[in-house]
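Only the coordinates and a few stated rules stand behind these numbers; no lab work does. This is a predicted model, so every value here is computed, not measured. Cβ coordinates were reconstructed from backbone atoms using ideal geometry, including for glycine residues, and neighbour counts include every protein chain displayed.
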Amino acid sequence: MAVAAGLNRTAQIRYEKGERAPDSDYLTALAGIGVDVLYVLTGVPAPTLKTDEAELLRRYRAAPPAVRTAVAAALGTVAVSQETDPSFAIQSSEIGNVMQGGQTITAPLTFNVGGKKGGKKK
């Protein structure tokens, strides 16, 4: 570890005994060789993503802002409002709420949330 981080043996031993705290250069060097730095610092392993989760995240990050806003709103992960997205609107109707985001993708985004009011007809 000392060689990988560019330290002498004594400094590495002091880190391991808890006599000295590692600095950011040391931790960066360890991260560069694949060490889980979160685990080194906290004892808790860094979370890992499954292949499908990693692909979803990659596509989300590459998506235009309008798509990211729509995905976040559909999943309920963030509050989307007129303040955060001026083209976003929620309209109530007899069949439920309609969320619209009129960004330029190819067409405005619309999500129908809810359903027919009053339940089943007899």
In whole Hz, the Karplus estimates of ³J(HN,Hα) for the stretch 26-43 (6.51, -1.76, 1.60; θ = phi - 60°; x where Gly or Pro) are 4, 5, 5, 4, 5, 4, x, 9, x, 6, 6, 5, 4, 5, 4, 7, 10, x
Taking a label point 7 Å from the Cα of LEU75 along Cα-to-Cβ, the residues of the stretch 46-68 whose backbone nitrogen sits under 15 Å from it are 48-68
Calc'd 3J(HN,Hα), the stretch 7-14, phi into Karplus 6.51 cos²θ - 1.76 cosθ + 1.60 (θ = phi - 60°), Hz, glycine/Pro = x, comes to 10, 8, 4, 4, 4, 4, 4, 5
Rg from C-alpha atoms of the stretch 2-42, normalised by the globular rule of thumb 2.2 N^0.38 Å, equals 1.06
Here FRET efficiency (C-beta to C-beta, ILE13 to VAL35, R₀ 22 Å, nearest 0.05) is 0.80
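With +1 assigned to the C-beta of every Lys and Arg and -1 to the C-beta of every Asp and Glu, and no other charges, what is the dipole magnitude of the stretch 2-42 about the Cα centre in debye, to the nearest 20?
Working: 4 positive and 5 negative charges, 34 e Å.
Roughly 160 debye for the stretch 2-42.
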